[in-house]
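This report refers to the structure that appears directly beneath it.
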Amino acid sequence: MAERPYIVGNWKMNGTRAMLSEARAIDRAAQRYMKVEVAVAPPYTLIHAVHKEAEQIGVGAQDCHPGEEGAHTGDINASMIADAGAKFVILGHSERRQDHGETDELINAKIESALDAGLRVILCCGETLETRDAGEAEAFVLAQLKAALPAFQDPAERLTIAYEPIWAIGTGRTATPDDIAAMHGAIRGLLDETYGAEASAQVRILYGGSVKPDNAREILATPEVGGALVGGASLSAENFLGIVVGASETEEV
Ligand code: PEP
């Protein structure tokens, strides 16, 4: 990996205040691995509490509404999560796309609002198994990104892409290093084309999908993999830190 690897835990709809001890353990241990940038995205209800615990790790949200404050019962916008202590937001996760019918256009609006609120953004993309089997994975992922990418150059350092093949999320299956390298290379090509090589080089491309301590080193050593977005394994400090340690020891092959 060229730059500091970025390891981000997505807690999804998990966690009550009982999880704060895991957040504290992750944070204190992360201070020993300064070569790795570590962050967690707890549910909204814990953002402020995890932010108060965190001395080292970044804290973010898993979604935000794209609008201004107002009459949107149950929604939370980008300024509100920033006010709670979030420094980044994960947008376009496949579970949001599937469970809430989120379109690329909506995700693009969310990205623009998050950047306006001063947040960093992790934009997720990824194909289903049917799309991969049909040989259309790359075209599908690039089309998702083209429709959702923000029209900017300056805040490139505030954008991260996460490639997460849907069939690898929470299933224990991971893409092969060759498949990951091919997809990340194609994404890099699109970023170069969209923003120019200099701005593109600031955008890390994470891999996500059943990353665990025992496969992290191989995945993180794959060309163009700038880190990992981790679901299930981020719920235990021990497992998550195993991935952080793997990242601290990995050199690109
Ligand atoms: C995710 O949903 O972002 C994810 C990568 O989940 P898991 O690590 O559990 O596959």
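The values are calculated or read from the model by the stated rules, or taken from the named source; none is laboratory data. Not measured: the values here are computed from a predicted model. Because the Cβ atoms are built from the backbone with ideal geometry, glycine has one as well, and the counts that use them run over all protein chains shown. Note: areas computed on protein heavy atoms with side chains; ligands, DNA, RNA excluded. Shrake-Rupley method; radii C 1.70, N 1.55, O 1.52, S 1.80 Å.
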In a GNM of the chain with a 10 Å cut-off on Cα contacts, which of His100, His184, His51 has the highest mean-square fluctuation?
His100
Restricted to Cα positions, what overall size does the range 1-137 have along the principal axes? Three whole-Å values, descending.
43, 41, 28
Binned Cα-Cα distance frequencies in the range 180-231 - 5 Å width, integer %:
4, 22, 28, 21, 13, 8, 3, 0
Restricted to pairs 8 or more residues apart or on different chains, the lysines in the chain with C-alpha atoms under 23 Å apart form a number of pairs equal to 10
List the equivalent ellipsoid semi-axes of the chain in whole Å, largest first, each obtained as the square root of 5λ for an eigenvalue λ of the Cα gyration tensor.
24, 23, 17
Which semi-axes, in whole Å and largest first, does the equivalent ellipsoid of the range 157-253 have when worked out from the alpha carbon gyration tensor as the square roots of 5 times its eigenvalues?
23, 14, 12
Rolling a 1.4 angstrom probe over the protein heavy atoms, how many square angstrom per residue are accessible across the range 120-220?
41 Å²
Inter-centroid distance (Cα atoms) of the range 52-104 relative to the range 155-223, Å
21 Å
Whole number please: convex hull volume per residue of the Cα set in the range 37-79, in Å³?
79 Å³
Overall form of the range 61-144 per C-alpha gyration tensor (a/c, 1.5; a/b vs b/c):
prolate
Please compute the modelled spin-label separation between Glu68 and Ala134, points set 7 Å along Cα→Cβ, answer in nm with one decimal.
4.1 nm
Farthest positive-ward along the range 107-203 dipole, Cα basis, beta-carbon charges - from Gln144, Pro165, Leu115:
Leu115
